[in-house]
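The values are calculated or read from the model by the stated rules, or taken from the named source; none is laboratory data. Just so it is clear, the model here is predicted, and its values are computed rather than measured. Please note: Cβ atoms are built from the backbone with ideal geometry, for glycine as well, and neighbour counts cover all protein chains shown.
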């Protein structure tokens, strides 16, 4: 029997039992890819991370990220949560300003903000965005996600990636975001008509009705193809979200320097994801996603 220690974090929150759950395995030596996939399926969180010695020059550690269904090349809440875990493990020293993860997309830098010896906040820098083909049949698409065409807001239904590809769907109201219900067969057919494979889908609204905080975006992310019915906080979609808002002029540029996406409310796991977009003219020059994390528990897994 082999025993593997793990840390359980709630990410993109500073309140336990909110945010997005993460399992971090700091000493996974001996686990192969199939083992890590099985462990991630057993944990059944949106993602689990496994930490190995650095493999590439300019990186501090190798991080592998698994959903219950597959390995990911990059992800936001695992990067932010694992940063906090590495502070707990004393791999990252108090006051250290930078740390670089080696991920499937290459080096992923993280900057750290401290309050005394306690890590307060972490920012990850993401690859620059790429934009995909728009879904033009808005009527059929709206029906495939349980809505009407009138529920769609200004802005295209379009894939965007900063390492992982998501389909972005702007909606007119928070009520519409909460009403979403995907007919997977119809949804896949809609994407195939547009020349796209099945994608995780990110619903967003700029509607402020009912808002109680300073969030700019109210959002949900559903990814049945990833083995994730719904994700409480999706950092790897939040960077592309900022890029999408920048490209289509949906939010004033000065507000994109730092804004909050509130995700997970429908799941009763509210998450505050900070997004920062730098740009000049029509060019995006930097994409960052940040937040806080809180340790919930520690455990051992016997294999």
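Going by what's in this entry, would residue 264 be described as touching a residue at least 12 places away in the same chain (Cβ under 8 Å) and within 15 Å of residue 201 (Cα to Cα)?
yes
Restricting region 80-120 to residues that are touching a helix residue (DSSP H, G or I) at 6+ places or on another chain (Cβ under 7 Å) and outside any strand (DSSP E or B), which is nearest to residue 295 (Cα to Cα)?
80
Could you identify the single residue in 186, 172, 233 that is touching a helix residue (DSSP H, G or I) at 6+ places or on another chain (Cβ under 7 Å), under 28 Å from residue 68 (Cβ atoms) and surrounded by fewer than 18 Cβ atoms within 10 Å (Cβ to Cβ)?
Exactly one of 186, 172, 233 is touching a helix residue (DSSP H, G or I) at 6+ places or on another chain (Cβ under 7 Å), under 28 Å from residue 68 (Cβ atoms) and surrounded by fewer than 18 Cβ atoms within 10 Å (Cβ to Cβ), namely 186.
Among the listed residues 259, 226, 246, which satisfies the condition of being modelled with pLDDT under 95 and either surrounded by fewer than 22 Cβ atoms within 10 Å (Cβ to Cβ) or farther than 25 Å from residue 125 by Cβ (or both)?
226
If I ask for residues that are in a helix (DSSP H, G or I) and over 16 Å from the mean Cα position of the chain (by Cα), which ones from region 59-76 would you list?
Matches in region 59-76: none.
Restrict the check to region 46-65 and report whether at least one residue is farther than 30 Å from residue 197 by Cα and in contact with a helix residue (DSSP H, G or I) (Cβ under 6 Å, 6 or more places away or on another chain).
no
Consider residue 212 against the criteria (1) assigned to a loop (DSSP other than H, G, I, E, B); (2) in contact with a strand residue (DSSP E or B) (Cβ under 8 Å, 6 or more places away or on another chain); (3) modelled with pLDDT under 95: it satisfies all of them except one. Which criterion is unmet?
(2)
With the checklist (1) at pLDDT below 95; (2) surrounded by fewer than 20 Cβ atoms within 10 Å (Cβ to Cβ) in hand, flag the one item residue 67 doesn't pass.
With (1) at pLDDT below 95; (2) surrounded by fewer than 20 Cβ atoms within 10 Å (Cβ to Cβ) applied to residue 67, the lone miss is (2).
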